[in-house]
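Let me begin by presenting the structure, written as C-alpha cells, before commenting on it.
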Amino acid sequence: MEIKRRHRAWAAAPLALALLAATGCESESTPTARAKPTAAPSTPVARVCAKPAAGPAKAPAGAVTVDPAVVGDLAAKTRSSPPNTSFWLRPGRHTLAPDRYAQVVPKEGNRYFGAPGAVLDGRKKNQYAFSGNARNVTIRHLTVQGFVAPHNEGVVNHDSADGWVIEHATIRNNSGAGLMAGARQQVRASCLRDNGQYGINAYKAGDAIRGLVVEGNEIAGNNTEDWERRRPGCGCTGGIKFWAVNGADVRGNWVHDNRGAGLWADTNNNDFRIENNLLEANDGAALIYETSYNAVIRNNTIRRNNWVEGRSYADRGDSFPFATIYLSESGGEPRVRARTDKIEIYRNVLENNWSGITLWENADRFCNSPANTSAGDCTLLVDTTGRCAQPAIAGAPLYADCRWKTQRVDIHHNRFVLDTSVVDCAVKCDRMAVLANYGTYPDWSPYQGERVAEAITHRQHNRWHDNVYVGPWKFVAHDPSRILDPVQWQGTPYQQDAGSTFRAGNGG
C-alpha cells in the first residue's frame, strides 16, 4: 500500500438534480441571472444510520437459528453447516470465543440475516468478524461492532473475497476498516460509521478488484483513530479508500463528517462512476482521485468539505491549492478500457467548500522514480517498472507511458458557490487550479524543469467550460505563483471557462 505525502513537492440523484434545476446551472447566461444559490433540501439522502431497516422477525425458511446466549454459536454453526446455508441471528448480542483470532469463516454462498436488534459484538477482544476466501456470501440486517482489526485490515470480509453482498448492515465502532472489498462486491443501504480507519478499504493484495458497487449507504465519522496524526503523510484515512479497483459505481451515498477525505481512489483505479452522492462536512477533500484513470463524476452535491485540512495547510503558509475535488496524476486514457476515455466532472453543485477543483501533476512522480510514493507500482501502460529508466524513458513511447498524467479532464456545467463568511476564511479557500511543480528529481529524470507544468496547463486537454461561479473565485495556472482573476483565466494563453458566468462577491 502506498505511503502518500500529498505536498512533497509543494443527495442522491433527486438532491443534486433538484439543486441544478432550481439554480438553472446549464442555462444561465448572464453573471447576474441568479441572485442567490438555492439551499439544499434539509433531509439528506441515505439516512440509514438513524433509521436502519429492520431484519426478519422470524427465521427465513430453512435457516439455521443462532442463539446469542451461546458464546461462539455463530462460528460453530457455520463450521458444521454445508455451503449455501442461511443463518438467522436472534435478537440480542452475539459474541465469539474470547480469543483475538476467533472469527466466523463462511462457506461459499452462505447467507447471514440479523433479526431486529441482532448485534455481533467483538467486545474489543476479537480482531475479525467475517473472514476467509468463500465467494458469494451475503450479510443483511446485522450490526457488527467492537472488533479491533489492525491498521490497514478490515473486520467484515477481512480477506477481500469475491462476490459478497452487504445490505442493510450497520458496521460501526470497530478498529481498522469496517469492511474490506473483493471483486463484484455490492454494498447497499448500510451504515458504515465511526470506524477507526476507514468505512471501506477496497483493497485486495496482489489483484485488482473488478466490478464494485457502493450504493445508498451512509458513510460517516470514520478514522476515529486519526491515523494521519499518528503516521503523518500516510494517506491511509477517510470514508472509503479504493486501491486498484477496475469498474466502480459509487452512487446515492451520504458521505459525511469523516476525518480525512470522504472518497479517495488511490493508485491504478479505473472506470469509476461517482454520481448522485451527497458529500459534506468531511475534514479533508470530498474526493481525491489519484494516479488513476477514466471516471465520470456527476450530479453530486458537495458542501462544507475540507475546512479542517484546507485551513491547516493555509495556516502553515502552504501555497498549494488543496481542493475539495483533487485530481492528482489522474486523467483520461483511451488505451485503458473503460466506459469513458476521459475524466468528466459535470452537473455537480459545490457549495462553501475550502476551494474547488485542483488538477495536479507532480513532475517528479512517475513509474520507477524514487519520488513515486506508490512504491513499486507502475502505470497501466507499462508492464515492468524497470523499463522506465534511461535511456528508453527519454523517448517514445515510455516518455509518455511512464507517467500517470492529468489529462483529458472535462469540467463543465457545474455550480461553484463560495461565501467566505460561511467558510470563515480570508485567503486561500477560493481556488480553482491546474498546475505542476518544477521538475528536479531524480537526476536522470527526463521531466525536469517546466515540462510537466507546461503540458498539464496547455497541452493535455484539460478544460473548464460552461460553469457558474458565485463568489470571489481565483484561479491558479501552471504553478502556485500564478494566481489569476476570471478575466485572466478566460484570456490568452489559458482560455479556460468559455461560456461560464461569474458573479463576484460572497455567494450568500
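Of the chymotrypsin sites (Phe, Trp or Tyr not before Pro) found in region 43-125, the ones in coil according to DSSP and having at most 13 other Cβ atoms within 10 Å of their Cβ are 101. Rg and Dmax of the chain, based on Cα coordinates, read 23.4, 74 Å. Of the residues 81, 427, 386, the one whose Cα sits farthest toward the positive end of the charge dipole of the chain, with +1 on the Cβ of Lys and Arg and -1 on the Cβ of Asp and Glu, is 81. Cα centroids of region 438-493 and region 113-152: 47 Å apart. Counting every alpha-carbon pair across region 177-263, the share separated by more than 18 Å comes to 38%.
Packing here is the average count of other Cβ atoms within 10 Å per residue, and on that basis the peptides 305-316, 168-179, 391-402, 209-220, highest first, run 168-179, 209-220, 305-316, 391-402. Along the charge dipole of the chain, Cβ charges K/R +1 and D/E -1, which of 456, 332, 175 sits furthest on the positive end? The residue sitting most towards the positive pole is 175. Positive contributions from Lys and Arg (+1) and negative ones from Asp and Glu (-1), summed over other residues with Cβ under 14 Å from the Cβ of residue 338, come out at +2. With the convex hull drawn over the C-alpha atoms of region 405-500, the volume per residue is 107 Å³. Distance from the Cα centroid of region 61-82 to that of region 383-430 is 51 Å (rounded to whole angstrom). A simple spin-label model places the labels of residue 65 and residue 308 4.5 nm from each other, with each point 7 Å out along Cα-to-Cβ. Length gained on full extension, residue 105 to residue 124, computed as 0.36 nm times the residue gap minus the Cα-Cα distance: 5.0 nm. The packing ranking, built from the mean of other Cβ atoms within 10 Å per residue, places the peptides 118-128, 50-60, 68-78 in the order 118-128, 68-78, 50-60, highest first.
Each label was represented as a point 7 Å from its Cα along the Cα-to-Cβ direction; for residue 337 and residue 57 these points are 5.0 nm apart.
Our estimate of slack between residue 454 and residue 318, defined as 0.36 nm per intervening residue step minus the Cα-Cα distance, is 46.8 nm. Pairs over the 32 Å Cα-Cα cut-off, from the set 342/428; 124/428; 405/428: 124/428.
Taking all protein chains into account, the per residue accessible area for the chain stands at 36 Å² (1.4 Å probe). Label positions at residue 421 and residue 495, each projected 7 Å from the Cα along the C-beta direction, are separated by 4.0 nm.
Heavy-atom surface analysis with a 1.4 Å probe gives the chain a carbon and sulfur content of 49 percent of its accessible area. In region 131-290, Rg over Rh equals 0.92, where Rg is the alpha-carbon radius of gyration and Rh the Kirkwood radius from pairwise Cα distances. Listed by chain and number, the lysines whose C-alpha is less than 19 Å from the C-alpha of residue 77, apart from same-chain residues fewer than 8 away, are 58, 107.
Semi-axes of the equivalent ellipsoid of region 68-198 are 18, 17, 14 Å, computed as sqrt(5λ) over the eigenvalues of the C-alpha gyration tensor in descending order. If only the Cβ of Lys and Arg carry +1 and only the Cβ of Asp and Glu carry -1, the dipole of region 306-447 around its Cα centre is close to 340 debye. What you get for the chain, charging only the Cβ of Lys and Arg (+1) and of Asp and Glu (-1), is a dipole of about 1100 debye around the Cα centre.
The values are calculated or read from the model by the stated rules, or taken from the named source; none is laboratory data. All of these numbers come straight from a predicted model, not from anything done at the bench. Here Cβ is always computed from backbone atoms with ideal geometry, including for glycine, and neighbour counts include all displayed protein chains. Areas reflect the complete protein model, heavy atoms only, side chains present, ligands, DNA and RNA absent. Shrake-Rupley method; radii C 1.70, N 1.55, O 1.52, S 1.80 Å.
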